[in-house]
Amino acid sequence: MNLASRTTRITPSPTLQLAAAVKALMAQGERIFDFSAGEPSLDSPDAAKQAAIDAIQAGFTKYTAVTGIDELKDAIIEKFQRDQGLTYSRSQIVVSCGAKHTLFNLAMALFEAGDEVIIPAPYWVSYPEQILVADATPVFLPTSEATNYAIDLSALKAMITERTKAIILNSPCNPTGSMYDRETLEGIAALAMQHNLLVISDEIYEKMVYDGRQHCSIATVHPEMVHHTVIVNGVSKTYSMTGWRIGYAAGPEPILKAIGNIQSQSTSNPTSIAQKAAVGALQGGASFIEHMVKELEVRRHAVVKGLNHISGIHCPMPAGAFYAFPNVSGLLGRRFDGKVLATPFDLANFFLNEAKVACVPGEPFGTASHLRFSYTGPLDVMEEGIQRLAQVVEKLES
Ligand SMILES: *Cc1c(COP(=O)(O)O)cnc(C)c1O
């Protein structure tokens with residue numbers, strides 16, 4: 001049996017190997033200091049849980065409209081109006097089984113062989129893989145820690161060809177925590193409008209911004225830009241609802257219609273009771289967000305400060321999301337037990353085995369100099385984990 005060629009284009013993520021190693025150690029009864037999670041540790045808001053319980057008891061357990069129930073679409077429309085000042089109609093919204101599914105639907109609806117899609121690097125691991133599944137070509141726009149991962153507009157411009165179809169933006173960014181300022185977004189928008197490109201704007205960390213920053217959506221920076229943007233968002237991160245699997249897209253009607261058609265022949269509607277839970281979160285979750293962001297703010301400071309105390313590690317303060325993204329090139333090339341730790345992947349394995357600290361190596365995010373630490377865990381556990389890192393780093397030989 002020959003597998004389809006698309007299966008050979010995508011690579012299984014090395015992060016999964018690490019996750020398997022973490023699970024194996026936990027199964028042996030080891031205490032692991034886990035900085036690898038891509039999700040908040042808080043429980044989902046009561047407003048969401050109660051809405052789901054009510055839905056089950058009311059028998060709201062059958063197929064729904066493929067692209068989502070009107071009640072949820074209306075709550076999403078209200079969110080866009082309130083937070084971004086953007087006006088969408090129900091036919092411009094599709095609800096899917098998580099924002100990852102939303103992005104996959106978009107790749108299926110928009111991209112094919114010969115298309116190029118620009119992704120600023122470092123990037124979220126699934127963007128290039130989904131583009132490859134769609135037979136298209138990811139093109140990476142390198143950004144640098146020295147400029148807070150800002151997009152160099154002239155470099156972006158030089159990368160646009162006749163084949164370029166879209167740019168994927170993620171602000172705040174997983175893994176770097178960086179955000180694009182309005183001026184940069186205006187520059188990207190001007191290029192998108194000039195070259196008739198679509199911007200896929202993944203705004204899943206919209207609410208996790210610190211030090212009084214304001215999130216800005218590229219769809220709002222020019223009156224025409226809403227016609228060139230699909231916004232992707234969801235309840236996973238904002239409301240600590242990763243397991244409920246509700247994500248959504250808003251944008252130009254023909255694109256959303258195509259996504260809906262693809263979804264109608266694959267998953268059909270997202271889970272009925274999860275849709276009700278999402279309505280509960282969107283309508284009653286404002287205080288939950290405030291509480292969560294305050295908590296994350298404290299944890300962000302503790303983890304970044306702790307990492308910066310370790311010699312060989314340099315960690316900028318992230319502007320948003322919930323990841324610290326330290327540069328560890330000062331540790332690469334050092335030895336433990338005679339073996340050279342040459343890559344972030346080697347270093348992450350060393351940290352896991354010797355310190356029982358789990359973090360994610362930078363390679364699948366497109367960097368060979370960084371590790372990703374999510375700071376969503378309990379403060380005391382994270383502080384102990386960082387102390388353990390400092391101790392094992394002392395054992396490295398140059
Ligand atoms: C977590 C995440 C998503 C997807 O979340 P879902 O749980 O599928 O809604 C999308 N983009 C980024 C950058 C993420 O970190």
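The values are calculated or read from the model by the stated rules, or taken from the named source; none is laboratory data. Please read all numbers here as calculations on a predicted model, not as lab measurements. No Cβ is skipped: glycine too gets one built from the backbone with ideal geometry, and neighbour counts run over all protein chains shown. Remember, those area values only see protein heavy atoms, side chains included, never the ligands or the DNA or RNA. Shrake-Rupley method; radii C 1.70, N 1.55, O 1.52, S 1.80 Å.
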Next on the checklist: Just to confirm the filter: which GluC sites (Glu not before Pro) across the range 161-220 are DSSP coil and have at most 12 other Cβ within 10 angstrom of their Cβ?
Outcome noted: Glu162
Checklist entry - Label-point separation (nm) for Lys395 and Arg335, each offset 7 Å from Cα along Cα-to-Cβ? => result 1.6 nm
Item to check | Separation of the Ala4 and Phe140 label points, Cα + 7 Å toward Cβ, nm | outcome: 2.6 nm
Checklist entry - In whole percent, what relative contact order does the chain give with Cα contacts below 8 Å and a gap of six or more residues? => result 24 percent
Checklist entry - Residue by residue through the range 237-250, which ³J(HN,Hα) values in whole Hz follow from phi under the Karplus form 6.51 cos²θ - 1.76 cosθ + 1.60 (θ = phi - 60°), with glycine and proline marked x? => result 8, 4, 10, 6, 10, 4, x, 7, 6, 10, x, 8, 10, 9
Next on the checklist: Sort 221-234, 42-55 by the packing proxy (mean of other Cβ within 10 Å over each peptide's residues), most packed first.
Outcome noted: 221-234, 42-55
Item to check | Built amide H within the under 5 Å cut-off of His370, gap 5+ | outcome: Val328, Gly362
Checklist outcome for this item: For the range 47-284, averaging the sequence separation of alpha carbon pairs under 8 Å that lie six or more residues apart and dividing by its residue count, the contact order in percent is 32 percent
Checklist outcome for this item: With x for Gly and Pro, the residue-by-residue ³J(HN,Hα) of the range 208-216, computed from phi through the Karplus equation 6.51 cos²θ - 1.76 cosθ + 1.60 at θ = phi - 60° and given in whole Hz, is 9, 10, 10, 6, x, 5, 10, 6, 10
Checklist outcome for this item: If N is the residue count of the range 47-284, its Cα Rg over 2.2 N^0.38 Å rounds to 0.99
Next on the checklist: Taking the 0 to 90 degree range and rounding to the nearest ten, how far is the long axis of helix 70-84 tilted relative to the main principal axis of the chain, both from C-alpha atoms?
Outcome noted: 60 degrees
Checklist outcome for this item: Length gained, Ala190-Ala155, 0.36 nm per residue minus C-alpha separation, equals 11.2 nm
Item to check | Residues in the range 206-238 reached by a label modelled at Asp181 [backbone nitrogen below 14 Å; 7 Å Cα→Cβ] | outcome: 213-214, 216
Next on the checklist: Just to make sure I understand: if all protein chains stay in place, what is the order of Leu389, Leu3 by accessible area at 1.4 Å, largest first?
Outcome noted: Leu3, Leu389
Checklist entry - If you roll a 1.4 Å probe over the heavy atoms of the protein chains, what accessible area per residue do you get for the chain, in Å²? => result 43 Å²
Checklist entry - Using a probe of 1.4 angstrom, how much of the accessible area of the chain is carbon and sulfur, in percent? => result 52 percent
Item to check | In Å², nearest 10: area of Tyr248 left accessible to a 1.4 Å probe | outcome: 10 Å²
